[in-house]
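Just so it is clear, none of the values below were taken in a lab; they were calculated from the coordinates. Please read all numbers here as calculations on a predicted model, not as lab measurements. Here the Cβ is made from the backbone with ideal geometry for all residues, glycine too, and neighbour counts use every protein chain on show.
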Amino acid sequence: MKNILAISGSLRQGSSNHAILQYLSSIVPADIEYNIYNDLAQIPPFDPGLDTDNPPASVASLRKLLTEANGIIICTPEYAFGVPGQLKNMLDWMVSSSTLVDKPVAVITASLGGKNAYASLLLTLRALSAKIGPTLLIQFVRSKMDMDGDIKDKDTIENLRDVLNAFLNRLG
């Protein structure tokens, strides 16, 4: 059974990005294990002095989840024209562990604008030697959702289905 780990760059449970990951969970085939990582806030600030064979427990746990996953889906907003700090912090912890080297990673940026976070995240993932793709930039994401956080825009739904199908094809 294939295993996908989904990570939201937003710490807020009711965020648009979390809603997108929830939507993807509803359309993933039954033979795929799909888990949303909800402990991003537990990752401590990156400290190279603590990045040893025995890193903080939350970092070790995440590295194990990433290693066991066949693929990763990251869905993130843009904060202050960049990647949210906690997501970038998490990725910084992954540099020395090589957990993302050659790991398939789908990238979805869903925000008001999002172009800068999208470009920055792709750059960081390249530095980590992840296998990037497919990718999707969803601009003006709030206008594509209803008050309950459900996606109402047909093009966005189709684009998300296409991204998921392309990603599943990459996983084999």
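Listing for the model above:
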{"read-out": "Greater than 26 Å apart at Cα, pairs in K64/K131; K88/K115; K115/K144; K103/K154; K64/K152; K88/K131", "value": "K103/K154; K64/K152"}
{"read-out": "Antiparallel bridges, percent of DSSP beta bridges restricted to the range 52-172 (to nearest 5)", "value": "15"}
{"read-out": "Only Lys, Arg (+1) and Asp, Glu (-1) charged, at Cβ; the range 2-171 dipole about Cα centre in debye", "value": "300"}
{"read-out": "Contact order relative to length of the range 2-171, as percent, for alpha carbon pairs under 8 angstrom and 6 or more apart", "value": "24"}
{"read-out": "Alpha-carbon centroids, the range 43-75 and the range 112-172: separation in whole Å", "value": "23"}
{"read-out": "From the coordinates shown, Cα Rg over 2.2 N^0.38 Å corresponds to which of [x] 1.15; [y] 1.76; [z] 0.98", "value": "[z]"}
